[in-house]
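Q: Let me give you the structure first, and then I'll get to my questions.
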Amino acid sequence: TAVTAPLLQVRSVAKAFGGNRVLEDVSFQVEPGEIVGLLGPNGSGKSTLLNLVTGFERIDQGEVLFEGGRIDRLPAHRIVDRALGRTFQLPSMPTKMSVIEVAMAAATARHGFFDTLLGTRAAREAEERARVEADALLKEFLLTPVRDLPSSALSGGQKKLLGIVCALMGKPRLLMLDEPTAGVHPNLRNDIVQALQRLNRQGMTIVIVEHDMHFIREVCTRCIVLDRGHIVASCRPDELSSNERVLQAYLGG
Ligand code: ADP
Ligand code: MG
């Protein structure tokens with residue numbers, strides 16, 4: 001059997017904001033096909049870790065490798081081009097653009113199409129392809145009824161779904177989600193679970209910051225637990241409740 005390389009490798013990463021040492025000596029890897037839950041109390045550094053991996057913040061120390069290549073000095077848009085997509089804990093949407101336009105813009109941003117092809121037939125064809133892709137994803141994430149509304153009119157939960165759609169427009173091989181179900185209506189939560197499982201069956205690897213233990217047990221193949229900037233556990237979801245260091249992290253030990 002062929003040995004597959006880890007998809008993502010985070011090696012001894014550290015990050016401080018001023019005197020606040022948010023992450024220290026953080027190392028882990030993600031194998032192709034995993035759905036990894038990234039857990040930890042508020043302020044433990046989960047969003048910062050996603051920001052570092054996806055190029056929204058610079059690491060102070062360490063290395064990040066995606067598919068074997070260093071990405072920790074690349075700008076965020078170059079990391080998206082390498083098929084590493086992400087969503088934000090608090091999605092912000094351009095006020096005037098409609099939902100379908102926001103989704104389509106996510107595809108054009110990825111290729112920089114509009115700059116090079118503006119007004120050409122290739123540009124119109126690329127736009128049409130993006131529209132078809134965007135419509136399919138909006139349908140999958142139940143946003144077809146709000147397709148033509150201004151994106152700013154969406155509920156918090158719908159903005160989360162649109163954030164996932166935008167990330168998927170980049171055709172990522174690794175998808176990183178920051179609290180995708182927080183504030184999402186319970187009916188939609190199940191649809192998100194099913195969509196993520198379907199994407200995973202199609203080969204997508206997923207890292208997901210999530211607090212809902214039910215969701216984690218249902219979706220994740222492995223969990224990584226952060227506490228005050230350190231990884232304190234890497235285990236199966238069913239092992240979390242008997243892990244001393246996990247309990248300590250949440251009980252403030
Ligand atoms: P989590 O997502 O686990 O709740 P965060 O990564 O958002 O935690 O935050 C971890 C710590 O880093 C917090 O103390 C937070 O205030 C700090 N922090 C995060 N981003 C910044 C930033 N851009 N500037 C200064 N401090 C930050
Ligand atoms: Mg966070």
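Nothing in this text is a laboratory measurement; each read-out follows from the coordinates by a stated rule. The structure displayed is predicted, hence computed values, not measured ones. Note that each Cβ is placed from the backbone with ideal geometry, even for glycine, and that neighbours are counted across all protein chains shown.
Q: Report the trypsin sites (Lys or Arg not before Pro) located in the range 124-223 that are in a DSSP loop and have at most 10 other Cβ atoms inside 10 Å of their Cβ, or state none.
A: Hits after loop and neighbour filter: nothing returned.
Q: Let me ask something additional. What full-extension length gain, to one decimal in nm, is calculated for ASP238 and THR4 as 0.36 nm per residue of separation minus the Cα-Cα distance?
A: Full extension from ASP238 to THR4 adds 81.6 nm.
Q: Additional query: Looking at the range 124-253 only, what percent of DSSP beta bridges run antiparallel? Nearest 5 please.
A: Around 50 percent antiparallel, to the nearest 5.
Q: Using just the helices of the chain, give the 222 nm mean residue ellipticity in deg cm²/dmol: DSSP H runs with n ≥ 4 each add -39,500 (n - 2.57), and the total is spread over all residues, rounded to 500.
A: When only DSSP H runs of four or more count, the value is -11500 deg cm²/dmol.
Q: Mind checking the angle between helix 121-140 and the chain's longest principal axis? C-alpha axes, 0 to 90 degrees, to the nearest 10.
A: Computed tilt is about 50 degrees.
Q: If you line up the long axis of helix 99-111 against the longest principal axis of the chain, both from Cα atoms, how many degrees apart are they, to the nearest 10?
A: Approximately 80 degrees, to the nearest 10.
Q: Say the cut-off is 26 Å between C-alpha atoms; which of LYS96/LYS139; LYS46/LYS96; LYS46/LYS139; LYS46/LYS171; LYS15/LYS159 go over it?
A: As for pairs spanning more than 26 Å Cα to Cα, those are LYS46/LYS96; LYS46/LYS139; LYS15/LYS159.
Q: Could I ask something else about it? Residues with amide H under 5 Å of GLU57's amide H, sequence separation 5 or more or different chain, H placed in the peptide plane at 1.01 Å from N; which?
A: Hits under the 5 Å cutoff: LEU52.
Q: Rounded to the nearest 10 degrees, what's the angle between the helix 156-169 long axis and the longest principal axis of the chain, both from Cα atoms, 0 to 90?
A: Computed tilt is about 80 degrees.
Q: While we're here: Going by amide H atoms built from the backbone, whose H comes under 5 Å of the H on LEU39, apart from near neighbours?
A: Result for LEU39 returns ILE224, VAL225, LEU226.
Q: In terms of modelled amide H atoms, which long-range or inter-chain residues lie less than 5 Å from the amide H of PHE88?
A: Under 5 Å from the amide H of PHE88 lie the amide H atoms of ASP178, each far enough along the sequence or on another chain.
Q: Quick one: 3J(HN,Hα) in Hz for the range 66-71, Karplus 6.51/-1.76/1.60 with θ = phi - 60°, rounded, Gly and Pro as x.
A: Listing the rounded values in order: 10, 6, x, x, 4, 10 Hz.
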